[in-house]
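Written out below as structure tokens is the structure these notes cover.
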Amino acid sequence: MANYAVVKNGAVENIIVWDGVRELSIPDSELILADEHTRIGGTYDGTFHFVVPPIPEPTAEQVAAAEAKASAIGKLQALGLNDAEIASITGG
């Protein structure tokens, strides 16, 4: 058994475990023996390629929520609560 990439139009759509012997057909796709560079979402043009997508910028809502949480934590610290007590209240 080995890992095989399900490649459709040059894009890796899935990775499956297959013995390479039994009959297996996935419509409009090729099964290519995977290597250490194979990733779902990568490409295949004779070799596998994968570029890690950039981390998206936080949304305005996420920034506002983080600022509100930081403000609340600061207020709890000013009231004399310790880190463990604050973590039990804020969930983290």
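Read-outs: derived from the displayed coordinates by stated rules, not from any lab. Since this is a predicted model, take the numbers as computed values, not measurements. Here the Cβ positions follow ideal geometry from the backbone for every residue, glycine too, while neighbour counts run over all protein chains shown.
Amide H neighbours of Gly42 under 5 Å, at least 5 residues apart or on other chains, H built in the peptide plane: list them.
Long-range HN contacts for Gly42: Val12.
As I understand it, the value is the acute angle between the Cα axis of helix 60-78 and the longest principal axis of the Cα atoms of the chain; what does it come to in degrees, rounded to 10?
That works out to roughly 40 degrees.
Calculated from DSSP H runs of 4 or more alone, at -39500 (n - 2.57) each and per residue, what is the 222 nm mean residue ellipticity of the chain, nearest 500? Don't skip to the end; give the middle numbers.
On the way: 2 runs with 27 residues, N = 92.
Using -39500 (n - 2.57) per qualifying helix, the result is -9500 deg cm²/dmol.
Place +1 on the Cβ of every Lys and Arg and -1 on the Cβ of every Asp and Glu in the chain, take the dipole about the Cα centre, and give the residue among Ala65, Gln77, Asn3 whose Cα lies farthest towards its positive end.
Among Ala65, Gln77, Asn3, the one farthest towards the positive end of the dipole of the chain is Gln77.
Which of the listed residues, Pro56, Tyr44, Leu24, is farthest toward the dipole's positive end in region 16-92, when Lys, Arg count +1 and Asp, Glu count -1 at the beta-carbon?
Pro56
Nothing charged except the Cβ atoms of Lys and Arg (+1) and of Asp and Glu (-1): what's the magnitude of the dipole of region 2-77 about its Cα centre? Round to the nearest 20 debye.
420 debye
Roughly speaking, what is the stretch gain from Val52 to Val17, that is 0.36 nm per residue apart minus the C-alpha to C-alpha distance, in nm to one decimal?
10.3 nm is the gain from fully extending Val52 to Val17.
Compute the separation of the alpha-carbon centres of region 45-61 and region 1-33 and state it in Å as a whole number.
Comparing the Cα centres of region 45-61 and region 1-33, I get a distance of 23 Å.
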